[in-house]
């Protein structure tokens, strides 16, 4: 966050500046990545951009959801 000078939920229209440089550097689009996080996007920007968020509530939840993704 400090290096980016913004937070992951600081959005501008249909852009998510926190991730933009990383995605450009790795030739990825919003639709090709998954954010695993304990926060929920209240703005709807991530959904509108096609950027999926897997909401987790703790370590056990992470393991269950990652195992489910692997199936």
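The values are calculated or read from the model by the stated rules, or taken from the named source; none is laboratory data. Model, not experiment: these values are computed from the prediction. We place every Cβ from the backbone using ideal geometry, glycine too, and count neighbours over all the protein chains shown.
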Item to complete: Give the residues of the stretch 26-48 that are at pLDDT 95 or above and either touching a strand residue (DSSP E or B) at 6+ places or on another chain (Cβ under 6 Å) or at positive phi (or both), sorted by residue number.
Response: 27
Worksheet entry | Residue satisfying all of: in the stretch 50-66; exposed (fewer than 13 other Cβ atoms within 10 Å of the Cβ) and at pLDDT 90 or above; farthest from residue 13 (Cα to Cα) among these | 64
Worksheet item: Given (1) surrounded by 11 or more Cβ atoms within 10 Å (Cβ to Cβ); (2) more than 25 Å from residue 62 (Cα to Cα), where does residue 18 come up short, assuming only one miss?
Response: (2)
Discussion item. Looking at the stretch 17-62 only, could you name the residues that are farther than 24 Å from residue 3 by Cα and assigned to a loop (DSSP other than H, G, I, E, B)?
Written reply: 44, 50, 56, 57, 58
